[in-house]
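Just so it is clear, none of the values below were taken in a lab; they were calculated from the coordinates. The model shown is predicted, which means the values in this text are computed figures rather than measured ones. Glycine also receives a Cβ, built like all others from the backbone with ideal geometry; neighbour counts cover every protein chain displayed.
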Amino acid sequence: MTRILLKNKLDDCIVTWRNAGYSVLAPVKRNEMGSFSEVQKASDMSLDLILPERTIKDRFFPQTEPMIRYKISKQQIDTETMTPPDTKSVCFGVRPCDAAGLEIDDPLFGWDYKDQYWFKRRNNSVIVTITCTASDDFCMCTSVKLSPESTKGSDVMLRPLSNGNGWQVETITERGKALFDSVSVHLSDEKAETAALAQVPVRFNVEQVMEWLANPTSFESQFWKDIALRCIGCGSCTFLCPTCHCFDIQDEGDTYNGIRRKNWDSCSFANFTMHTSGHNPRNTQSTRWRQRIMHKFNYYRGKFGVNSCSGCGRCTRQCPVDMGITETLQAISNLPR
Ligand code: SF4
Ligand code: SF4
């Protein structure tokens, strides 16, 4: 027998979780933009989106975040470290590719320095994922060896019932089990059919991509100049990506008072690698695009043993010039060998 969460019991669960001190986050569509926001009730949620435009990563690694408040006087510098509040979160309705993105980024944020901002939020959150029963032409999870029911990064996996009334509950971690044990009175024990999973075709051969990128002669290939011609360097593909993680640290304020902030940055921006001398080692869009692909499918894997892409397709779906990563990876896997 499997535990079932019926849609008409979701409000009761939300009340229980909120009473236990959790803030409940879910996809919410506002002004044509879907993003994870705090909800009070089930009807606030937009769970029928294939994917919200913004990822759950934004809640763990905000676009801008204060780190230190500083005050400089004649004799001393006073600093106050600013850390995120101790809020516990239920992240409800995450898609498998976005949950996987969090796990892909964990080693990066814990590598040479344990990023307290990322891990405080990670340790205080429960990721409740819903398997995908629909996809679009941009989804490519199966091309990066994930799937519409991948459990990577999830604490709980919900599988939609074929009758549309709710979800089958599968707890993956102890944290997920504890969350759903706390609402067991609102769950039913019954046999129910789950809906068919989305069929996501494999769009490129990732092994061939990795092999070509790892070949030192590929770095100077004319391929990069041809494929990146129409990229305008807007950075949308990086800002919407569930695994992109580049940031810059800047001081905002005057000579005496200010705040040191961590702000998203993007390898697509011309200033990303600009030296103070004025020299820029990546001085064309094609060298910046090459970096993005090399980082995701060669360097990151070399360092952390995993590719830095969960196949969500946002970089292609939202690119203003209809470019994105899929076309590049398809072109690489189709190169003559
Ligand atoms: S690939 Fe598209 S989304 Fe990414 S920087 Fe270039 S134009 Fe912008
Ligand atoms: S690179 Fe593109 S497809 Fe891969 S995770 Fe980032 S946005 Fe999604």
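Values computed for the structure shown
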| read-out | value |
| --- | --- |
| Zone residues, region 46-86, relative to Ile249, backbone N less than 15 Å from point 7 Å out along Cα-to-Cβ | 65-70, 79-83 |
| Hits among aspartates and glutamates - C-alpha to C-alpha of Lys71 under 18 Å, sequence gap 8 or more where chains match | Glu80, Asp251, Glu252, Asp254 |
| Sequence of Leu329, Leu5 once ranked by neighbouring C-beta atoms within 10 Å, starting from the fewest | Leu5, Leu329 |
| Contact order relative to length of the chain, as percent, for alpha carbon pairs under 8 angstrom and 6 or more apart | 20 percent |
| Residue-wise HN-Hα coupling along region 52-65, computed from phi with Karplus coefficients 6.51, -1.76, 1.60 (Hz; x: Gly, Pro) | x, 4, 9, 9, 5, 3, 4, 7, 9, 9, x, 4, 9, 8 |
| Relative contact order (percent, whole number), region 171-298, Cα cutoff 8 Å, 6+ residue spacing | 22 percent |
| Cα principal axis extents for region 206-333, largest first, Å | 55, 31, 31 |
| Backbone HN-Hα couplings from phi across region 72-81 [Karplus 6.51/-1.76/1.60, Hz, Gly and Pro as x] | 10, 10, 4, 9, 8, 10, 9, 10, 10, 6 |
| 3J(HN,Hα) from dihedral phi, region 24-31, Karplus parametrisation 6.51/-1.76/1.60, rounded to Hz, x for glycine, proline | 9, 10, 7, x, 9, 9, 9, 6 |
| Links that overshoot a 21 Å alpha carbon limit, given the list Lys41/Lys152; Lys9/Lys177; Lys145/Lys296; Lys9/Lys152 | Lys41/Lys152; Lys9/Lys152 |
| Kirkwood hydrodynamic radius of the chain, Cα pairs, Å | 21.6 Å |
| Projected area averaged over orientations for region 2-190, convex hull of C-alpha atoms, nm² | 13.7 nm² |
| DSSP bridge pairs, region 106-221: antiparallel proportion in percent, nearest 5 | 65 percent |
| Interchain or long-range residues, amide H under 5 Å from Arg3's placed H | Val169 |
| Net charge, Glu207 excluded, C-beta distance under 14 Å - Lys, Arg +1, Asp, Glu -1 | +3 |
| Antiparallel bridges, percent of DSSP beta bridges restricted to the chain (to nearest 5) | 75 percent |
| Sites matching chymotrypsin sites (Phe, Trp or Tyr not before Pro) across region 165-248 that sit in DSSP coil, with at most 15 neighbouring C-beta atoms within 10 Å | Phe219 |
| Under DSSP loop assignment and at most 12 Cβ neighbours within 10 Å, longest GluC sites (Glu not before Pro)-free interval of the chain | 33-192 |
